[in-house]
Amino acid sequence: MNAQYEMSPEEITRARLEVLRREHRDLDEAIAALASQSLTHSLTLQRLKKQKLALKDRIARLEDELTPDIIA
């Protein structure tokens, strides 16, 4: 069988969302590890926090795409 499976746009969005959530968790762990060190690098810590915030915004946008609009 040589059938190819194509993902629907919703499945693609859900896959992207999962990747972004994983990256967000990884950044969270990196920030916690860096913050716990006695010699904290404030610039690196600040950059990681900024990346984490940007990921959070992207996650929120993708979640909004997946949530149907409800007209009340």
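Quick note: the coordinates plus some simple rules give every number you see, no bench work behind them. Keep in mind the model is a prediction, meaning the values are calculated, not measured. Cβ sites come from the backbone with ideal geometry, for glycine too, and all protein chains shown count toward neighbours.
Highest GNM mean-square fluctuation, the chain, Cα pairs closer than 10 Å: which of L43, L62, L53?
L43
So which GluC sites (Glu not before Pro) in the chain are both in a DSSP loop and have at most 11 other Cβ atoms within 10 Å of their Cβ?
Of the GluC sites (Glu not before Pro), the ones in loops of the chain whose Cβ has at most 11 other Cβ atoms within 10 Å are E6.
Hey, what's the per residue convex hull volume over the C-alpha atoms of the chain, in cubic angstrom?
So the per-residue Cα hull volume is 128 Å³.
Any idea what angle helix 42-66 forms with the longest principal axis of the chain, computed on alpha-carbon atoms, 0 to 90 degrees, nearest 10?
For helix 42-66, the angle is close to 20 degrees.
Under a plain spin-label model, where a point goes 7 Å from the Cα along Cα-to-Cβ, how far apart in nm are D26 and I71?
4.2 nm
Please enumerate, by chain and number, the aspartates and glutamates with C-alpha under 17 Å from the C-alpha of K50, excluding those fewer than 8 residues away in the same chain.
Hits, sequence-local ones excluded: E23, D26, D28, E29.
Which length gain, in nm to one decimal place, applies between S38 and Q51 when the Cα-Cα distance is subtracted from 0.36 nm times their residue separation? Before the final figure, lay out each step's value.
Details: separation 13, 0.36 × 13 = 4.68 nm, distance 2.24 nm.
Value of the extension gain: 2.4 nm.
Between the stretch 1-31 and the stretch 39-72, what is the separation of their alpha carbon centroids in Å?
The stretch 1-31 and the stretch 39-72 have Cα centres spaced 15 Å from each other.
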